[in-house]
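Peer 1: One structure is given below, represented as structure tokens, and several questions about it will come after.
The values are calculated or read from the model by the stated rules, or taken from the named source; none is laboratory data. Nothing here was measured: the structure is a model prediction, and the numbers come from that model. All Cβ positions, glycine included, derive from the backbone under ideal geometry; neighbour counts span all protein chains shown. Areas reflect the complete protein model, heavy atoms only, side chains present, ligands, DNA and RNA absent. Shrake-Rupley method; radii C 1.70, N 1.55, O 1.52, S 1.80 Å.
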2 protein chains.
Amino acid sequence: MRTAFYISDGTAITSEVFGHATLSMFPVDFNHKTIPFVETVDKAEKIKDLINETAVTSGEKPLVFFTFVNPVLSDIILASDGVCYDFLSYSSEIVKRELKVAPVPKVHRTHSIHEATYDFRIDAVNYALANDDGANVKDYEKADIILVGVSRSGKTPTSLYLALQYGIKAANYPMTEDDLEKGTLPKCLTAFKHKIFGLTIDPERLSAIRQERMANSRYASIRQCRIEVREVEMLFKKNRIPYLNSTKFSVEEISAKIMSETNLERRKY
Amino acid sequence: MRTAFYISDGTAITSEVFGHATLSMFPVDFNHKTIPFVETVDKAEKIKDLINETAVTSGEKPLVFFTFVNPVLSDIILASDGVCYDFLSYSSEIVKRELKVAPVPKVHRTHSIHEATYDFRIDAVNYALANDDGANVKDYEKADIILVGVSRSGKTPTSLYLALQYGIKAANYPMTEDDLEKGTLPKCLTAFKHKIFGLTIDPERLSAIRQERMANSRYASIRQCRIEVREVEMLFKKNRIPYLNSTKFSVEEISAKIMSETNLERRKY
């Protein structure tokens, strides 16, 4: 199998995301190798040797997506037998031409603690945890958004992703059978209706997910799942709460859709 | 202020990561606008108009980082007044030349639920939550890694990031004063020593973080923080547990360092 390397002097997250996006366009399987924190000549030389060895043992040139602040390190990797792509150099040339400003090389520039908004994100994670699954209904004034849906409709991973990636304070509240029977929004939510976003899910998928946690329970039965989903969707419609069916979407997609539909501002850069 | 657009027919996460990595090299502030799920000609035309309006009102050409599967949509954005960079087209050309295989365009290819490993990641998030903060010490056999450290040393956000980004099952266990006084590993951890990774932190930073939660408490006092950090580091050394001082690192950096030092395999692609 062909090997793809993602290399950088920082976390190599950008190399991974970019390289993966490129390779996912091709119907070919790869052996993925991420190598972060390549910060010395010595380490870069070792990686060059590893790339060369991989080329020999596999009989195929590895694909190498890399970015370094220090050009000495770039040159070492470029001298390897891989197909090397210093993917930020071209885009930074375009930006430089347009802005007429030279780039200021700085190690760990993209994923470091020094971003102005870093503390927001950690605060948001703590908020999401403290307000997960209706654990705390007294702190909704601080919420940027309150995700509402039946048990196991994807609220918790979405809250955490919104917090970690975007610095969004997302509480989440599970609609129980009792709540649904009343047919109205629970009291703790009425004052915050403008912050509510609904998640729903296909009853079949919901039943399968619940089955894994409580096999053969009433909770997991398709009948129960159908009732709850129908009732929660009616509630969303009646109260004009925006909502999304999460069944076919990843946490990244659900989160991106929520950000886009609610115009929430990213606290990311 | 100059505007940067990140546009795609999917989540636009790749556009954001790539565009941000490029722009963070320049000492210039930007107004960042992410526009995901641009899937129709109609929507693409509206975005083109928005780019053109932004160019007029700000008096400066916006920078536009974009990627589309459908070339019709790409062409609409390329016809705008922005400085447009279709950043995946060049890298896919390189890969195509090397692999001698044509790309297979597919919408939502990179961040969708259809990745083979998607369920791993959701399982891992559920595992991290169920095993957060020593909540459950009976499930460590399933852990890929167990983060150990004093209260507020960064274990929880790191566990969640490892789960969401890499599909790693990370439990975390807080070393209490009682645990530390004994000077030995807690019983529940001894059988899993090979899975333990330590987190430590500068006492001054720890005290500041604890101060925010419990102002003027013994728990937050610099004296108490110094004692706990010294004792936990001694314990790590005595038991040859690999550990990392988290003070100056972001969650991304801590996670990338842990992945690299422990050779844990990403369940990501």
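Peer 1: Shielding of B:34-43 by partners, i.e. mean partner chain Cβ atoms within 10 Å per residue? Spell out each step's value before the answer.
Peer 2: Values: counts 6, 1, 7, 5, 0, 0, 0, 0, 0, 0.
Counting Cβ atoms of other protein chains within 10 Å of each residue's Cβ and averaging gives 2.
Peer 1: Something else about it: By a straight-distance test (C-alpha under 17 Å), which lysines pair with residue A:248 as possible cross-link partners, with residues fewer than eight away in the same chain excluded?
Peer 2: Straight-line reach from residue A:248, under 17 Å: A:155, A:257, B:106.
Peer 1: Roughly speaking, what is the stretch gain from residue A:56 to residue A:42, that is 0.36 nm per residue apart minus the C-alpha to C-alpha distance, in nm to one decimal? Mind showing how you got there, number by number?
Peer 2: On the way: separation 14, 0.36 × 14 = 5.04 nm, distance 2.14 nm.
Computed gain between residue A:56 and residue A:42 is 2.9 nm.
Peer 1: Let me ask you something else. Say a paramagnetic label sat at a point 7 Å from the Cα of residue A:142, along Cα to Cβ; which residues of the range A:170-207 have their backbone N under 12 Å from it?
Peer 2: A:170-171
Peer 1: Under unit Cβ charges (Lys, Arg +1; Asp, Glu -1), what dipole magnitude, rounded to 20 debye, does the protein assembly as shown have relative to its Cα centre? Before the final figure, lay out the partial values.
Peer 2: Values: 72 positive and 72 negative charges, 190 e Å.
So the magnitude is around 920 debye.
Peer 1: Taking amide hydrogens as modeled 1.01 Å from N in the peptide plane, which residues meet the under 5 Å criterion relative to residue B:150, leaving out close sequence neighbours?
Peer 2: Distant-sequence amide H within range of residue B:150: B:175.
Peer 1: For residue B:34, list long-range residues whose amide hydrogen, built 1.01 Å from N in the peptide plane, is under 5 Å from its own amide hydrogen.
Peer 2: It is B:6, by chain and number.
Peer 1: If you don't mind, there's one more thing I want to ask. Run the label-point distances for residue A:28 please: 7 Å along Cα to Cβ, every other copy, nanometres, shortest first.
Peer 2: 3.5
Peer 1: Ignoring everything but the protein chains, give the 1.4 Å probe accessible area of residue A:61 in square angstrom, nearest 10.
Peer 2: Around 100 Å² of this residue is reachable by solvent.
Peer 1: From the C-alpha gyration tensor of the protein assembly as shown, pull out the three semi-axes of the equivalent ellipsoid (sqrt of 5λ each), sorted largest to smallest, in whole Å.
Peer 2: On the way: eigenvalues 257, 214, 110 Å².
So the three semi-axes of the protein assembly as shown are 36, 33, 23 Å.
Peer 1: Additional query: Nearest 20 debye, what's the magnitude of the dipole of the range A:2-99 about its Cα centre given +1 on Lys and Arg Cβ and -1 on Asp and Glu Cβ?
Peer 2: Taking the Cα centre of the range A:2-99 as origin, the dipole is about 140 debye.
Peer 1: For the range A:17-110, compute Rh as the Kirkwood radius over C-alpha pairs and then the Stokes-Einstein diffusion coefficient at 37 °C and 0.692 mPa s; write the answer in µm²/s, rounded to an integer.
Peer 2: Values: Rh = 14.7 Å.
Stokes-Einstein gives a translational diffusion coefficient of 223 µm²/s.
Peer 1: Where in the range A:73-94 does the label zone of residue B:26 land, with the point 7 angstrom along Cα→C-beta and an amide N cut-off under 19 Å?
Peer 2: From the range A:73-94, the list is A:87-94.
Peer 1: Tell me the relative contact order for the range B:118-262 as a rounded percent, counting alpha carbon contacts under 8 Å between residues six or more apart.
Peer 2: Reported as a whole number, the value is 26 percent.
Peer 1: Same structure, new question: Quick one: Karplus J couplings for the range B:4-12, per residue in order, coefficients 6.51, -1.76, 1.60, θ = phi - 60°, nearest Hz, x for Gly and Pro?
Peer 2: After applying 6.51 cos²θ - 1.76 cosθ + 1.60, I find 10, 9, 10, 10, 6, 7, x, 6, 6 Hz.
Peer 1: Copy-to-copy spacing for residue B:100, label 7 Å out on the Cα-to-C-beta vector, in nm, shortest first?
Peer 2: 4.8
Peer 1: Separate question: Which cross-chain or sequence-distant (5 or more) residues have an amide H under 5 Å from the amide H of residue B:81, H modelled 1.01 Å from N in plane?
Peer 2: Answer set, sorted by chain and number: B:52.
Peer 1: Then there's this: Using a 7 Å offset from Cα along the direction of the beta-carbon, what are the separations from residue B:138 to the same position in each other copy, nm, ascending?
Peer 2: The projected label point of residue B:138 is separated from its counterparts by 3.1 nm.
Peer 1: Name the residue, out of A:246, A:221, A:24, whose mean-square fluctuation peaks in a Gaussian network model built on chain A with Cα pairs under 10 Å.
Peer 2: Of A:246, A:221, A:24, the most mobile in the Gaussian network model is A:24.
Peer 1: What is the spread of the Cα atoms of the range A:118-262 along each of their three principal axes, largest first, in whole Å?
Peer 2: 44, 29, 26
Peer 1: How much length, in nm to one decimal, is gained on full extension between residue B:215 and residue B:248, taken as 0.36 nm per residue of separation minus their Cα-Cα distance? The partial results should precede the final answer.
Peer 2: On the way: separation 33, 0.36 × 33 = 11.88 nm, distance 2.29 nm.
Residue separation times 0.36 nm, minus the Cα-Cα distance, leaves 9.6 nm.
Peer 1: Do any trypsin sites (Lys or Arg not before Pro) in the range B:73-182 lie in a loop, going by DSSP, with at most 15 other beta-carbon atoms within 10 Å of their beta carbon, and if so which?
Peer 2: Values: sites: B:96, B:97, B:100, B:106, B:109, B:121, B:138, B:142, B:152, B:155, B:169, B:182; in loops: B:100, B:106, B:109, B:138, B:152, B:169.
In loop regions of the range B:73-182 (DSSP not H, G, I, E or B), the sparsely surrounded trypsin sites (Lys or Arg not before Pro) are B:100, B:106, B:138.
Peer 1: To one decimal place, what Kirkwood hydrodynamic radius in Å is obtained for chain B from all pairs of distinct Cα atoms? Let's see the in-between values first.
Peer 2: Details: mean 1/r = 0.0461 Å⁻¹.
The Cα-based Kirkwood calculation yields 21.7 Å.
Peer 1: Among B:65, B:17, B:27, flag the residue with its Cα farthest along the positive direction of the charge dipole of the range B:2-99, charges on Cβ as +1 for Lys/Arg and -1 for Asp/Glu.
Peer 2: Checking the options against the dipole of the range B:2-99, the answer is B:27.
Peer 1: Need one number: the % of Cα-Cα pairs in the range B:1-159 sitting beyond the 21 Å mark. Let's see the in-between values first.
Peer 2: Values: 7526 of 12561 pairs.
I get 60 percent for the Cα pairs in the range B:1-159 exceeding 21 Å.
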